[in-house]
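Beneath this line is the structure, given in structure tokens, with notes to follow.
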Amino acid sequence: MSVPKTQQQRKRRLCYWDSQKKSVGAVKLNFERHLRFLPEFDLVTLKALDDEKFAPCDLLIISAEDIPSEDFSQWLQGINKRIVNQGQIWTPALIFSETDFVDLSSEIHDFADNNWYFDILNPLHLESMPIRVANLLRIHDHLHELWRYKDQLDTMQEQINEIEKRLNV
């Protein structure tokens, strides 16, 4: 699948939401500094997930490093519901969190059953952020390409139905 030229030509829009604005520490500041180093993106800061500036968004970036590991899974399920309810299922997310492997691995089946794509970035792995962002943007492009294919198939099916209707008259 290839990226349509309109997607290649426009500047990608990343939306950043700090889910826990009440604290600022070295970890969060370092993460936000790395965000600013991502080239050629419009980085929009959201006040809330339902912020009117959310759409259009190619990638949602969420700072959630203050969410305790034991609460993270429930928090993530709530975020997933909000994303689905807002019709933003096509927008993948990169979630910045210190959640540990044990807490995440026990929930793998719940995560796999969701229709929303996301990745979790640990503060110790900030160097992988550009690759993770690139991968999530490709997923975003693929989802939109599948949506365009569905539209084309629906149009073709309508044309076939119309032809069949005329032939049966």
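We did not get these values from a lab; they are worked out from the coordinates using the rules stated. Source: prediction; values computed, not measured. Cβ atoms come from the backbone with ideal geometry, glycine included; neighbour counts cover every protein chain shown.
Derived scalar couplings between HN and Hα for region 119-129 equal 9, 10, 10, 7, x, 6, 10, 4, 5, 7, 4 Hz in order, rounded to whole Hz, by the Karplus curve 6.51 cos²θ - 1.76 cosθ + 1.60 (θ = phi - 60°), x for Gly and Pro.
Where does helix 69-85 land angle-wise versus the long Cα axis of the chain, in degrees 0 to 90, nearest 10? Once rounded, the angle reads 30 degrees.
Return the label of the correct value of volume of the Cα convex hull per residue in Å³, as calculated from the structure shown, out of [x] 128; [y] 168; [z] 149. The listed entry that was calculated here is [z]. From least to most packed, judged by other beta carbons within 10 angstrom and beginning with the fewest, 22, 150 follow the order 22, 150.
Pairs of Lys residues in the chain are counted when their Cα atoms are under 26 angstrom apart and they lie 8 or more places apart or on different chains; the count is 19. Of the peptides 134-142, 33-41, the order by per-residue mean of other Cβ atoms within 10 Å, starting with the highest, comes out as 134-142, 33-41.
Adding -39500 (n - 2.57) for every DSSP H run of four residues or longer, then dividing by how many residues the chain holds, sets the calculated 222 nm ellipticity at -16000 deg cm²/dmol.
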